[in-house]
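Enquirer: I am attaching a structure below and will ask some questions about it afterwards.
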Amino acid sequence: MNKKKLILKVIILSVGFMLSCAANAQNVQDSVMLNPLDSIASYDIFVKLSEAAEGRVILGGDDIKTVINEVKTQKSKSLKGCRIRIFRDSSQGASRRAESAKSNIEKNYPGLPVYVIHDSPNFYVDVGDYRTKDDAEKMKRTLIAAYPDSGVSIFLTDINFPPL
């Protein structure tokens with residue numbers, strides 16, 4: 001295929017996409033009008049959507065409220081991802097040092113998930129629930145700077161679902 005035909009196809013597809021987006025945006029704007037004086041915390045978005053759509057909320061065939069509740073109840077389930085191991089020890093007092101490392105991470109990095117794992121005779125402290133190795137790599141650099149002698153490493157494992 002020559003270059004001119006390829007460029008023409010890209011332009012036609014782009015224009016078609018923009019027209020479809022504009023039509024869809026107009027439909028959304030017509031169907032959901034919220035009072036600008038309402039604060040976000042003062043109403044349930046599902047109630048507002050139901051009112052705007054005359055008692056019906058259709059989101060791609062799935063009831064989003066049901067989906068959100070299902071994800072919240074799947075705390076025991078996990079997905080593949082990465083964690084960062086900041087501590088490993090099997091010597092006397094390893095349990096105490098692992099708990100100390102955990103509390104240190106929680107104090108210096110609030111909100112970062114921290115896990116103490118005991119796989120006899122070893123104790124490990126792992127941090128984070130990263131979906132990609134690139135995301136974990138960013139935090140690893142920060143942790144290496146803070147804990148240069150700890151042998152910080154990334155490993156693949158099952159991780160917890162991120163909070164909604």
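No lab work stands behind these numbers, since they all come straight from the coordinates. Quick caveat: nothing in here was measured; it's all calculated off a predicted structure. Using ideal geometry, Cβ is built from the backbone for each residue, glycine included, and neighbour counts are taken over all protein chains shown.
Enquirer: Which is in contact with a Phe, Trp or Tyr (Cβ under 7 Å, 6 or more places away or on another chain) and not aromatic (Phe, Trp, Tyr), of 125, 114, 152?
Expert: That would be 125, the only listed residue that is in contact with a Phe, Trp or Tyr (Cβ under 7 Å, 6 or more places away or on another chain) and not aromatic (Phe, Trp, Tyr).
Enquirer: While we're here: Given the criterion within 16 Å of the chain's Cα centre (by Cα) and loosely packed, with under 14 Cβ neighbours inside 10 Å, identify the matching residue among 79, 112, 156.
Expert: 79
Enquirer: Please list, ordered by first then second residue, the pairs with beta carbon atoms under 6 Å, 6 or more apart or interchain, first in the range 114-129 and over 15 Å from residue 100 (Cβ atoms), second of a type in the set (S, T, N, Q).
Expert: Taking only residues 6 or more apart or on different chains, the pairs are 121/90; 122/90; 129/160.
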